[in-house]
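Data first, discussion second: the structure below is written as structure tokens.
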Amino acid sequence: MRIPLSAPDISETEIDAVVAVLRGSQLSLGPKMEEFEVAVADYVGVRHGIAVSSGTAGLHLALLALEIGDGDEVIVPSFTFIAAANAVRYVGATPVFVDIDEATLNMSVDAVESAITPRTRAMVVVHTFGRPAEMGRLMTLAQAHGLLVVEDACEALGAEVGGRRVGGLGDVGVFAFYPNKQITTGEGGMIVTSNAEYANRMRALRNQGRDRADDWFQHTELGYNYRLSEIACALGVEQMKRLPEILAKRASVARAYDHRLNASPHLVLPELQVADGSTSWFVYVVRLTAEFDAADRDAIIAELKEAGIGCGRYFAPIHKQPAYSEWSSLRLPVTEAVAKRTIALPFFNRLSNGEVADVVSRLMDAISNVEASREVTAVKEYE
């Protein structure tokens, strides 16, 4: 692709930090891991950080630490990355999918309230595309029904709501550092919490079930190899130092897109301003208006890719995935309508204004071509 959908932003300082670890003697469970954990926990405003191999691993361990399991229901959105629901199934619980709010694309609070049953133990609140969910209302609802809250903040490092950073508002929060995220460690994730009991258990679980007092061949419980290497943590430490700069760059790219696209009658744009909070821009996803369908969207994406423009659909509803066939009859009208019309445009720290202009020009041409094609088809059908 001439202009990729995403691209990591790695500086020479970060490369030097990784090389320094490689020249040392400890490549796992070392000082860089502890430094990275402290950096993220302090930034979020919680007491504990637990570095893990991925955001998915973080969600899995979070649910285990909260003792979610067989017979439990966990409320999740279907309009999100599949890992949020997969983690619920990993622990033997049942995901209960709810619809989203059409404006924010986050879980509808009313839908969450309607989905609560006597078996509901928790909710996984996703901050979709880095926009904070309605945490005030959701936490009030959780407290009223005795529910645990896992914040899936994998797309939202740095987002704020009510003067606090997301990830630190629920019982446990999870971040991810895949190369398309705000900061990256290549692969990797971080669990955050202020609950020492949860933190200690998740540290044991990520390291093959070894408790703090166990030696290398002593295992207190069934665990996992969810460790994050010193190499990755060294990269994460340096990326965290640049996080304010990174977030500012991404917000600038979002504004550049908004400036060039806000006059289009065919697009619904993500809101730049969030009431009582701020978005941490993960991706820039536009939506075609209601006169377009999924075939139109796919034709536009194909034309952009043909022009060397990286793009994609975000998200395909989980309840419509082959791996979730038993939920396929579920109807989530907003999720299904939105998912048919989304286009994720190239979005990364170093995307230039000229590249934004190129993307927008190609997008407008592709939309015009689809419109023209539809008009020709309508005439032929009439004749």
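The values are calculated or read from the model by the stated rules, or taken from the named source; none is laboratory data. Only a predicted model underlies this, so the values are computations on that prediction, with no experimental measurement involved. Heads up, the Cβs are rebuilt from the backbone with ideal geometry, glycines too, and the neighbour counts pull from every protein chain shown. These area figures cover heavy atoms from the full protein model, side chains too; ligands, DNA and RNA do not enter into them. Shrake-Rupley method; radii C 1.70, N 1.55, O 1.52, S 1.80 Å.
List of remarks:
- Taking first residues from the stretch 360-372 that are touching a residue at least 60 places away in the same chain (Cβ under 8 Å) and partners that are in a helix (DSSP H, G or I) and open to solvent by 10 Å² or more (accessible area, probe 1.4 Å), the Cβ contacts under 7 Å between residues at least 6 apart in sequence or on separate chains come to Val360/Arg260; Ala366/Glu303; Asn369/Glu303; Val370/Asp296; Val370/Ala299.
- Verdict on Ala57 being at pLDDT 95 or above, of a type in the set (A, V, I, L, M), open to solvent by 50 Å² or more (accessible area, probe 1.4 Å) and over 30 Å from Ile301 (Cβ atoms): no
- Comparison of Ile15, Ile75, Ile10 shows that the only residue that is at negative phi and buried (at least 17 other Cβ atoms within 10 Å of the Cβ) is Ile75.
- Restricting Arg313, Arg341, Arg350, Arg374 to those that are open to solvent by 70 Å² or more (accessible area, probe 1.4 Å) and closer than 30 Å to Ala115 by Cα reduces the list to Arg313.
This table checks each residue for (1) free of Cβ contacts under 8 Å to residues at least 12 places away in the same chain; (2) β-branched (Val, Ile, Thr); (3) open to solvent by less than 10 Å² (accessible area, probe 1.4 Å).
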{"position": "Gln26", "(1), (2), (3)": "no, no, no"}
{"position": "Lys32", "(1), (2), (3)": "no, no, no"}
{"position": "Ala62", "(1), (2), (3)": "no, no, yes"}
{"position": "Phe79", "(1), (2), (3)": "no, no, yes"}
{"position": "Thr94", "(1), (2), (3)": "no, yes, no"}
{"position": "Ile100", "(1), (2), (3)": "no, yes, yes"}
{"position": "Glu113", "(1), (2), (3)": "no, no, no"}
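- Reported count of residues in the stretch 209-228, each being without any contact (Cβ under 8 Å) to a residue 24 or more places away in the chain and either touching a His at 6+ places or on another chain (Cβ under 6 Å) or open to solvent by less than 50 Å² (accessible area, probe 1.4 Å) (or both), is 4.
- Residues that are farther than 23 Å from Asp101 by Cα and either assigned to a helix (DSSP H, G or I) or modelled with pLDDT under 95 (or both), drawn from the stretch 60-83: His60, Leu61, Ala62, Leu63, Leu64, Ala65
- Verdict on Thr279 being modelled with pLDDT under 95 and either open to solvent by 20 Å² or more (accessible area, probe 1.4 Å) or within 18 Å of the chain's Cα centre (by Cα) (or both): no
- Selection within the stretch 7-65 - of a type in the set (D, E, K, R) and touching a strand residue (DSSP E or B) at 6+ places or on another chain (Cβ under 6 Å): Glu37
Yes/no matrix, rows are residues, columns are (1) among the aromatic types (Phe, Trp, Tyr); (2) closer than 30 Å to Pro346 by Cβ; (3) under 17 Å from the mean Cα position of the chain (by Cα):
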site: Met1; (1), (2), (3): no, yes, no
site: Pro4; (1), (2), (3): no, yes, no
site: Pro8; (1), (2), (3): no, yes, yes
site: Ile15; (1), (2), (3): no, yes, no
site: Ala83; (1), (2), (3): no, yes, yes
site: Pro95; (1), (2), (3): no, no, no
site: Glu102; (1), (2), (3): no, yes, no
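- Among (1) touching a Leu at 6+ places or on another chain (Cβ under 7 Å); (2) β-branched (Val, Ile, Thr); (3) outside any helix (DSSP H, G or I) - the single one Thr220 does not satisfy: (1)
- One residue stands out among those in the stretch 282-301 that are open to solvent by 60 Å² or more (accessible area, probe 1.4 Å) and assigned to a loop (DSSP other than H, G, I, E, B): the one that is nearest to Gly136 (Cα to Cα), which is Ala290.
- Condition met for Val283 (touching a residue at least 40 places away in the same chain (Cβ under 8 Å) and either touching a Ser or Thr at 6+ places or on another chain (Cβ under 9 Å) or more than 30 Å from Thr94 (Cβ to Cβ) (or both)): yes
- Of the residues making up the stretch 41-50, not a single one is farther than 30 Å from Pro322 by Cβ, over 23 Å from the mean Cα position of the chain (by Cα) and outside any helix (DSSP H, G or I).
- Residue, surrounded by the most Cβ atoms within 10 Å (Cβ to Cβ), within the stretch 229-272, restricted to residues that are over 19 Å from the mean Cα position of the chain (by Cα) and assigned to a loop (DSSP other than H, G, I, E, B): His266
- The listed residue being modelled with pLDDT under 95 and basic (Lys, Arg), out of Arg255, Arg212: Arg212
- Of all residues in the stretch 322-330, at least one satisfies being open to solvent by 60 Å² or more (accessible area, probe 1.4 Å), over 25 Å from Asp110 (Cβ atoms), touching a residue at least 40 places away in the same chain (Cβ under 8 Å) and in a helix (DSSP H, G or I).
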